[in-house]
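The values are calculated or read from the model by the stated rules, or taken from the named source; none is laboratory data. Quick caveat: nothing in here was measured; it's all calculated off a predicted structure. Neighbour counts are summed over all protein chains in view; Cβ atoms, including those assigned to glycine, are modelled from backbone coordinates with ideal geometry.
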């Protein structure tokens with residue numbers, strides 16, 4: 001599957017210390033899974049979690065799901081060994097916590113490379129601190145291994161001393177900076193989690209806002225959030241039909257040497273065709 005159009009509508013955090021959750025995630029309808037060794041794991045369970053996560057990755061059985069390992073930071077007692085273990089186990093990606101500079105990315109990359117990480121193992125960066133926001137561009141461009149950014153909106157709101165509001169206005173500047181950095185670097189970007197599991201309407205609204213802003217998908221904290229995220233971040237049937245009509249109409253006009261293409265009375269240019277092709281490619285990647 002092309003990583004360019006790989007679906008990442010729903011990306012579910014799984015606590016690395018919970019062996020049952022790691023097993024259950026093999027059957028969940030998530031596009032990607034983050035096996036967490038950091039926030040979701042107590043200090044006295046770090047070693048057990050690492051062992052279980054590495055075993056789960058090596059055992060496989062996750063189908064098309066993209067597998068991330070979120071490591072502890074290199075400034076902790078566990079971060080270095082987490083990266084060494086991940087390099088040898090071969091997940092699709094490692095997710096670095098609290099990235100604040102390009103140098104932090106390059107340090108992790110050096111550890112991975114020196115311990116035999118595959119060339120296609122990517123590095124993703126948690127963007128969850130004010131300093132990280134200010135350095136988003138350099139982080140996104142830090143290495144050819146960088147595959148995407150992940151918003152850590154809970155930690156960010158805490159550090160900003162901001163409130164959690166429905167429209168997330170206190171976070172809009174940070175979200176925008178990271179979106180700009182990701183798109184300029186042509187990498188993916190995932191929206192942050194929604195914490196209130198009892199507010200299903202609020203969760204759907206948050207997904208819609210994320211999709212409207214331009215995020216590829218949303219990080220999730222519970223399987224009950226999967227269905228809504230998968231629906232909101234997937235092309236709708238109407239969008240898919242229109243995209244195919246745009247592609248066909250433009251191709252026909254080019255074949256006839258026409259310089260102007262109209263679909264439903266609207267002028268179609270190359271940029272619209274590029275978007276339409278992206279929509280179709282994503283829909284085909286999602287299809288079973």
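When you go through (1) in contact with a strand residue (DSSP E or B) (Cβ under 6 Å, 6 or more places away or on another chain); (2) within 20 Å of residue 39 (Cβ to Cβ) one by one for residue 197, which number turns out not to apply?
Unmet for residue 197, out of (1) in contact with a strand residue (DSSP E or B) (Cβ under 6 Å, 6 or more places away or on another chain); (2) within 20 Å of residue 39 (Cβ to Cβ): (1).
Just to be sure before I move on: is residue 210 in contact (Cβ under 8 Å) with a residue 24 or more places away in the chain and either under 13 Å from the mean Cα position of the chain (by Cα) or exposed (fewer than 14 other Cβ atoms within 10 Å of the Cβ) (or both) in the structure I sent?
Working: in contact (Cβ under 8 Å) with a residue 24 or more places away in the chain: no; either under 13 Å from the mean Cα position of the chain (by Cα) or exposed (fewer than 14 other Cβ atoms within 10 Å of the Cβ) (or both): yes.
No: the conditions fail for residue 210.
Within the stretch 244-283, restricting attention to residues that are within 30 Å of residue 10 (Cβ to Cβ) and without any contact (Cβ under 8 Å) to a residue 24 or more places away in the chain, which residue is surrounded by the fewest Cβ atoms within 10 Å (Cβ to Cβ)?
Here the residue is 271.
Do you know which residues across the stretch 95-124 are farther than 12 Å from residue 143 by Cβ and either in contact with a strand residue (DSSP E or B) (Cβ under 7 Å, 6 or more places away or on another chain) or modelled with pLDDT under 95 (or both)?
The answer is 95, 97, 98.
Mind checking which residues of the stretch 253-270 are part of a helix (DSSP H, G or I) and under 13 Å from residue 243 (Cα atoms)? Can you show your working first?
Narrowing the stretch 253-270 to residues part of a helix (DSSP H, G or I): 253-255, 270.
Correct list: 270 only.
Any idea which residue in the stretch 147-186 is nearest to the chain's Cα centre (by Cα), counting only those that are in a loop (DSSP other than H, G, I, E, B) and loosely packed, with under 13 Cβ neighbours inside 10 Å? First the steps, then the outcome.
Initial filter on the stretch 147-186 (in a loop (DSSP other than H, G, I, E, B)): 152, 161-168, 186.
Then drop every residue that is not loosely packed, with under 13 Cβ neighbours inside 10 Å, which leaves 161, 163, 165-167, 186.
Details: 161: 25, 163: 24, 165: 22, 166: 22, 167: 21, 186: 13 Å.
Only one residue fits best here, namely 186.
Got a sec? Which of 40, 45 is surrounded by fewer than 20 Cβ atoms within 10 Å (Cβ to Cβ) and assigned to a helix (DSSP H, G or I)? Break it down stepwise before answering.
Details: 40 fails: assigned to a helix (DSSP H, G or I).
Of 40, 45, the one residue that is surrounded by fewer than 20 Cβ atoms within 10 Å (Cβ to Cβ) and assigned to a helix (DSSP H, G or I) is 45.
Using the structure shown, decide if residue 77 is out of contact with any strand residue (DSSP E or B) (no Cβ under 6 Å at 6 or more places or on another chain), over 25 Å from residue 204 (Cα atoms), surrounded by fewer than 21 Cβ atoms within 10 Å (Cβ to Cβ) and free of Cβ contacts under 8 Å to residues at least 40 places away in the same chain.
Values: out of contact with any strand residue (DSSP E or B) (no Cβ under 6 Å at 6 or more places or on another chain): yes; over 25 Å from residue 204 (Cα atoms): yes; surrounded by fewer than 21 Cβ atoms within 10 Å (Cβ to Cβ): yes; free of Cβ contacts under 8 Å to residues at least 40 places away in the same chain: yes.
So residue 77 fits the description; yes.
Scanning for something more than 16 Å from residue 85 (Cα to Cα) and either out of contact with any helix residue (DSSP H, G or I) (no Cβ under 6 Å at 6 or more places or on another chain) or in a helix (DSSP H, G or I) (or both), does the stretch 51-61 turn up at least one residue? Quick ask: steps written out before the conclusion?
Narrowing the stretch 51-61 to residues more than 16 Å from residue 85 (Cα to Cα): 61.
Those still in the list that are either out of contact with any helix residue (DSSP H, G or I) (no Cβ under 6 Å at 6 or more places or on another chain) or in a helix (DSSP H, G or I) (or both) too: none.
The answer is no; no qualifying residue exists.
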